[in-house]
Amino acid sequence: MKPLAVAWFALAAGCLALTGGCLWANQQSEAVYGYEARAVLRDDGHAEGGALRADAGYAGVTAGAEANLRDGQRAGDPHTYKTTDLGLILRASLLGIVATEHRLERFFDIGADVGATGSVMFGVPPHHIAGGGSGWYGAWTEIGTFSAGSGYVALTGSIRREATTSPWLSQTIVTVGLAWRHRRLVGAEDLRWRD
């Protein structure tokens, strides 16, 4: 899939999901925000970097931002290059959208996400720096563990297919990490604008 097509898909899905989330939200829905630190692995299991992420939303739909440092590879080039990405993410929780009771998500959650990133690659000949971008789609899961402050710590995992601009290689990426999440019931004030 071409990166531009993935980015357009992400934008369209984001508009639909955010609008839809506002429509299906009710006083049993939950608002959530959180932070994550992840190890980034290639599909062959090779550790290639790390990522930091923050997101917030409600009714099972969150938007967020991600920054990561990892390896990048070009077609026909045996070398890897340090790559910094900054991106936007839209995430949907299956249980947060479909379920009417929200007790389970604190301990187990699953869903899909899409995103788009801009990248800077270092050490690339001939100018020692290059730019690029990517679009991606994937699936994620979280397992909630112990309480911490006003939230809880969760084990996280994801897999995503990333399509990058040429000459950079598209790849499947697996991440594992830890997250801190805060959940609360959506209040009447959160829904008042719809009335």
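The table for this structure:
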read-out	value
Chain lengthening between Leu169 and Ile110 when straightened (0.36 nm per residue, less Cα-Cα)	18.4 nm
Exposure of Glu101 as accessible area (Å², to 10), given a probe of 1.4 Å and all protein chains	110
Per-selection Rg to Rh, the stretch 22-108 - Cα, Kirkwood hydrodynamic radius	1.13
Relative contact order (percent, whole number), the stretch 51-100, Cα cutoff 8 Å, 6+ residue spacing	38
Kirkwood Rh and Cα Rg combined as Rg over Rh, evaluated for the stretch 88-165	1.17
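The values are calculated or read from the model by the stated rules, or taken from the named source; none is laboratory data. These figures come from a predicted structure and were not determined experimentally. Surface accessibility is based on the protein's heavy atoms, side chains included, excluding ligands, DNA and RNA. Shrake-Rupley method; radii C 1.70, N 1.55, O 1.52, S 1.80 Å.
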